[in-house]
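This report refers to the structure that appears directly beneath it.
A short reminder: the numbers here are calculations on the coordinates, not readings from a lab. Note that this is a predicted model, so its numbers are computed, not measured. In this analysis, Cβ positions are derived from the backbone assuming ideal geometry, glycine residues included, and neighbour counts consider all displayed protein chains.
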Amino acid sequence: MASVSLTLLSPLFSNSSKSSLKLGISNANQTSIQESLNLICIDSKRGVSVSQRRETLIKGLALLPLVVFGGAPISEAREVEVGSYLPPSPTDPSFVVFKASPKDTPALRAGNVQPYQFLIPPTWKQSRVANILSGNYCQPKCAEPWVEVKFEDEKQGKIQVVASPLIRLTNKPNASIEEIGDPEKVIASLGPFVTGNSYDPDELLETSVEKRGQQTYYKYVLETPFAITGSHNLAKATAKGSTVVLFVASANDKQWSTSQKTLKAMLDSFEV
């Protein structure tokens, strides 16, 4: 990254006062930033009012957070229907396929999570994950679980992928999900990350085990009347490498009555 020294004429001081600010700015952003600052200097020479120059300065500096903190926002979420950019499922035309890649999350870029994929209805939208929840601040070594990606549809529900360091559940390196424990033991540890607040074993209605090649998955059906995520939750967990990955599909009562089949199909399609 190139470094450029920019001199700002602040409308808060006299024209003879200058404040020098040195920032690490990529070559791609230098031109647009410099142009905005040049406008400030030109306006100052023309006698533009303080308020007008202040407005110009603010507009110019609005670009700086992206420069200082590394360009685009952490999340690659797009506020459009996923069907507009994801490929259709080759097995079910009513779904599209989301395949996570390093550009999607900090953990994938750090190699802490293996790529995963699942089917999703084309009308759903990806939600932004707050930086504090994304694990961006603690990669490559996070002590607590973090949210990988989130998608939702106001009529059908929402899904999220949560990743947890394996060391949080077992001291054995590269352990399989079976080596961590049975389904009940695993959900007891991960339950709060399904519900968003707390976990009560009485909320667990059903468990099952699924084998896909060398990978084992634990699947859960939960009725969670007090959960932040929704009164109905489906979950699927597996372990790979140094991470346990949890897929969660959630809905309230109204959504569940019409979308449970869709949510179950999404859950079934999840694989790492």
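Note: relative contact order over the range 82-269, using C-alpha pairs below 8 Å and six or more positions apart, is 19 percent. Annotation: for a label point projected 7 angstrom from Cα along Cα→Cβ of residue 188, residues of the range 130-162 with backbone N closer than 20 Å are 145. Taking other C-beta atoms within 10 angstrom as a stand-in for reagent exposure, 220, 85, 199 fall in the order 85, 199, 220, fewest first.
Modelled label positions at residue 211 and residue 81, each set 7 Å beyond Cα in the direction of Cβ, lie 4.1 nm from each other. When each of 246, 204 is scored by the number of other beta-carbon atoms lying within 10 Å, the sequence from fewest to most is 204, 246.
Rounded if a/c is under 1.5, else prolate if a/b is larger than b/c, else oblate: which is the range 214-257, with a ≥ b ≥ c the root eigenvalues of its Cα gyration tensor? Could the numbers behind the result be given before it?
Numbers: a/c = 3.49, a/b = 2.57, b/c = 1.36.
Taking the square roots of the gyration eigenvalues as a ≥ b ≥ c, the range 214-257 is prolate.
The fewest-to-most ranking of 164, 231, 89 by surrounding Cβ atoms within 10 Å reads 89, 231, 164. Between residue 167 and residue 99, the modelled labels are 3.2 nm apart [label points 7 Å from Cα along Cα→Cβ]. Holding the Cα-Cα limit at 25 Å, pick out from 103/264; 172/219; 103/211; 150/236; 99/172 the pairs that are longer than that. Distance filter (> 25 Å) returns 103/264; 103/211; 99/172. With a ≥ b ≥ c the root eigenvalues of the C-alpha gyration tensor of the range 125-217, is it rounded (a/c under 1.5), prolate (a/b larger than b/c) or oblate? Since a/c reaches 1.5 but b/c is at least a/b, the shape of the range 125-217 is classed as oblate.
Calculate, for residue 89 and residue 152, the FRET efficiency according to 1/(1 + (r/R0)^6) with r their C-beta to C-beta distance and R0 25 Å; round to the nearest 0.05.
Working: r = 19 Å, r/R0 = 0.77.
Calculated transfer efficiency: 0.85.
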